[in-house]
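J.: Before we start, here is the structure in question, set down as structure tokens.
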Amino acid sequence: MVLDAHAIAVLALTVFAFVLFARDDIAIETSSLLIVTLLATGFILFPYQAADGPLEPTDFFLGFGNEALVAICGLVMASQGMVRTGALAPMGRVVTRLWAASPIAALGVMLVMTAAISAFTNNTPQVALMIPILTSVALRSGTSPSSTLMPMTFASQIGGMGTPIGTSLNLLVIGTAAGLGIPRFHMFDFLEPAAIAGGVGILYLWLIAPRLLPKGVAVADTSPRVFVAQMRIRPDGPAAGARLADVLRKTGGAMNVQSIMRGAGLSIMPLPGTVLAADDQLQVRDTPEQLMEYARVIGGTLYSGDVAVDAEHPLRADDQQTAELVVTPGSVLVGQSLDGIDFDKRYQLVALARHRPGNVEVLTARGNEPVDLHAELLGVGDVLLVQGPAEQIAAVKRSGELLVLDATTDVPVTRKAPLALAIMAMIVLAATLHIAPVSIAALAGVLLMVFTGCLKWRDATRSLDSSMIFLTVAAIGLSLALVKTGAAAFLASVLVSAMSSLPPPVILSLTMLFMAVLANFVSNSAAAVIGTPIAVESALQLGLAPEPFVLAVLFGVNMAYATPLADNCNLLVFSAGSYRFKDFVRVGVPLMIIMWLTLSWLLPRYFPL
């Protein structure tokens, strides 16, 4: 088969897309929109006549209205309703009670429950719900959360591969295959082989994986605690009669002045041009060591309440506690800096440190070269160590805007929880009985949740990940270009010629393995949509049934266990469990091999070639 210029260009663009998607310094939205724009612009400048008619440049925008994308968004929003009402809270309570009786049995039950629920709900909010529960249980039992968090997220991914609605990847593969003329898979068409293989994987995660994981703890509270104190300006000090900006300059710009009290109840805004007077009371916030240094430099006296701070009366913060905030997909912190959203004032919490995969950075660091991490953008998986009043941390947890890890397991539950469960069950039932397509059933379910008060539109839209939407559109556009220009058929012919002498089950197995490896190093969504047309073309050229090859792609791209960057849920537990990259390799690679071998044996038996 000879490639024309259009097919060569599309293949080159596909390679370029994989490179872009693998880069951490370029937003997925930017990369995806660039690919779609290059496709549309390229086919305007160089029109293409496909076998079934001209390929219109605007066809690459059809991904925005693709049924698979609509279904994904609907299911993600419906899952958010489950989280907001606390419908999944009973699972956490069961695990907590079992853990007190038998940690080993509790781990097994938790893994099975996680996998079962993930078959019908989006796994990202479920993993986000379980992280604080497992962290708290581990801390209370004196064990390490690192031994449970990774098995939990892998169990959610194993369960998600069992039904078309288990993960967005499944819907992408099935939707792309449907566009190529392959009949759609229904709710339980491939549940049995997925459940058998999943059972083997769960046994590994239960009995072996915890022994391979480190015994460390989650992000430790090693940062200095921050205190609020009053600093009185002494009449004989250099700050009396000086502008606030000049006083702050003496501290290297590090002192945080929240307010200025003058006389009886007069509050002054801490503006740079404000002239300080003797006996002014500055409300300042920092570590004890830094506050004492500020007092020495500007000539002030520190007070905690009405008591002067000295060796016998140190600073106290009895009402303060620390907690960790995990930046989850759809969080208000994604792509924002702490200064950009005015974090301190918005949440009334002090950020002490930020944990990013691979390092911990103290936000309150001072020195010759101050570290201003408040200005850096946050990403999914980052963990903030914060300090503040216990009631304020509880308020942040109740708001649902952030995932809070602290020493409690009080998962919010409301009287709407049974209703949210019933609506989700209706979505699954409608899709199972073929009453309505998943996309329509999911959207109807979201509307019911909004109308009945289970979900607010603000929470529904916030749960949608823009990177997922744009990546899906770009992947569908690339898939269309690969098929229409014949590039997919060319790649398939290369694979067929290389594997034609092998038995069909071996070809099917190698296809699954290739997709699994690809999903661990590039975006698994991109691998799903781009790999599907190639697999279908390979099956057709070999004269084999295409359905098993579609499932080989589906199962393969769900085996994203070997790297923390392969899946959003991996990123969440990467930070919360303080894992290292090699921990995922040590535990994830054996799991991938187990699932691949088991499914390679099962798939041809359930779906004859």
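The values are calculated or read from the model by the stated rules, or taken from the named source; none is laboratory data. From a predicted model like this one, the values you see are computed outputs, not experimental measurements. Quick reminder, even Gly has a Cβ in these numbers, built from the backbone with ideal geometry, and neighbours come from all protein chains shown.
For (1) assigned to a helix (DSSP H, G or I); (2) outside the structural domain of Ile427 (by TED's automatic domain parsing); (3) over 27 Å from Phe521 (Cβ atoms); (4) without any contact (Cβ under 8 Å) to a residue 60 or more places away in the chain, each residue gets a yes or a no:
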| residue | (1), (2), (3), (4) |
| --- | --- |
| Val10 | yes, yes, no, no |
| Phe21 | yes, yes, no, no |
| Ile26 | no, yes, no, yes |
| Leu39 | yes, yes, no, no |
| Gly42 | yes, yes, no, yes |
| Ser79 | yes, no, yes, no |
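J.: Out of Thr96, Thr124, Thr143, Thr135, which single residue is polar (S, T, N, Q), more than 20 Å from Ala442 (Cβ to Cβ), buried (at least 24 other Cβ atoms within 10 Å of the Cβ) and modelled with pLDDT under 80?
T.: Result of the check over Thr96, Thr124, Thr143, Thr135: Thr135.
J.: A further question follows. Suppose we filter segment 271-291 for residues that are more than 38 Å from the chain's Cα centre (by Cα) and surrounded by 17 or more Cβ atoms within 10 Å (Cβ to Cβ); how many remain?
T.: Taking segment 271-291 as the starting set, the residues that turn out to be more than 38 Å from the chain's Cα centre (by Cα) are 271-282.
Those left that are additionally surrounded by 17 or more Cβ atoms within 10 Å (Cβ to Cβ): 274, 276, 280-282.
Counting residues in segment 271-291 that are more than 38 Å from the chain's Cα centre (by Cα) and surrounded by 17 or more Cβ atoms within 10 Å (Cβ to Cβ) gives 5.
J.: So which residues in segment 478-522 are of a type in the set (S, T, N, Q) and over 24 Å from Thr598 (Cα atoms), if there are any at all?
T.: Result: Ser479, Thr485, Ser493, Ser497.
J.: So, in segment 38-62, of the ones that are at pLDDT 85 or above and of a type in the set (D, E, K, R), which residue ends up surrounded by the fewest Cβ atoms within 10 Å (Cβ to Cβ)?
T.: If we take residues in segment 38-62 being at pLDDT 85 or above and of a type in the set (D, E, K, R), then Glu56 is surrounded by the fewest Cβ atoms within 10 Å (Cβ to Cβ).
J.: Okay, moving on. Tell me which residues, restricted to segment 521-552, are crowded, with 24+ Cβ neighbours inside 10 Å and outside any helix (DSSP H, G or I).
T.: Ser523
J.: Report yes if some residue within segment 594-608 is farther than 14 Å from Ala194 by Cα, surrounded by fewer than 22 Cβ atoms within 10 Å (Cβ to Cβ) and among the aromatic types (Phe, Trp, Tyr); otherwise report no.
T.: No: zero hits.
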